[in-house]
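*Asks:* Supplied in structure tokens, the structure appears directly below.
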Amino acid sequence: KATAAQQQLRHHARCMMTGQEGKHILVVDDHHTNRRILQVQLQSWQLLSTMASSGAEALDLLEEKGFDLVITDMQMPSMDGVEFASLVREKNAILPIILLSSIGDETRSKYPHLFSAVLTKPVKQEYLCRAIQMGLQQVSEVLQIEPAKNVLMNDQFAISNPLQILIAEDNLINQKLIVKILV
């Protein structure tokens, strides 16, 4: 039987943010206690966090700084999570947004294009960890769709390094093709 310390260690190991350390997360929630809980959790995963108490404040912060992911509450005065996410999407199509909502909220099915994940409150650490990992991974995959082209040799290589190459090919078409490629 595992001790409480071993269970805690096993749980913590499942939620490691390996390779994601130092990513900057914007947390938007009108309740101070909820923001503080998320801030402590993100710090334990070695993620940087900035707190905003409203959608308007968060939009200003997004203009000033670059963020890797946003966690927002659904129920906020003056601007709810859907309105906030819609405004963010107008300016940034790939920024992952995780919505924290109440039980029975159908936001995910109504607005699938807005959120990378919708989690029901109270959120279990494991689910939040997984949602953050998936959101950050999706962004890195989108940004790597067109990898940088590696140039093995520069255009002047043949001039500075003249070579004689023997082509051993019995098919005449392949011989011509190889000569055309090499010239």
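*Asks:* Taking 7 Å along the Cα-to-C-beta vector as the label spot, tell me the Lys176-Gln43 distance in nanometres, rounded to one decimal.
*Replies:* Computed distance between label sites Lys176 and Gln43 equals 7.3 nm.
*Asks:* Between Val183 and Met134, what's the calculated FRET efficiency when r is the beta-carbon distance and R0 is 41 Å? Round to 0.05.
*Replies:* Step by step, r from the Cβ atoms, then E = 0.25.
*Asks:* Leu87 to Ile159: extension gain in nm, 0.36 nm per residue of separation minus the Cα-Cα distance?
*Replies:* 20.4 nm
*Asks:* Follow-up question, since we're still on this one. Hey, with R₀ at 41 Å, roughly what FRET efficiency would Thr18 and Ser102 work out to, going by the Cβ-Cβ distance, to 0.05?
*Replies:* According to the calculation, E is roughly 0.80.
*Asks:* How big is the accessible area of Glu83 in square angstrom, nearest 10, if you roll a 1.4 angstrom probe over the protein chains?
*Replies:* Answer for Glu83: close to 90 Å² accessible.
*Asks:* May I pose another question? Tally Lys and Arg at +1 and Asp and Glu at -1 over the other residues with C-beta under 15 Å from the C-beta of His32: what net charge comes out?
*Replies:* -2
*Asks:* Treat each spin label as a single point 7 Å out from the Cα along the C-beta direction, and report the Lys124 to Ser53 distance in nm.
*Replies:* Distance between the two pseudo-spin positions: 3.3 nm.
*Asks:* Filter the trypsin sites (Lys or Arg not before Pro) in region 18-95 down to the DSSP loop ones having no more than 15 other Cβ atoms within 10 Å, then list what survives.
*Replies:* Lys65
The values are calculated or read from the model by the stated rules, or taken from the named source; none is laboratory data. Because the structure is predicted, anything quoted here is derived from the model rather than measured. Don't worry about glycine lacking a Cβ; one is built from the backbone with ideal geometry, like all the others, and counts go over all protein chains shown. What goes into the accessible areas is simple: the full protein's heavy atoms, side chains included, and nothing from ligands, DNA or RNA. Shrake-Rupley method; radii C 1.70, N 1.55, O 1.52, S 1.80 Å.
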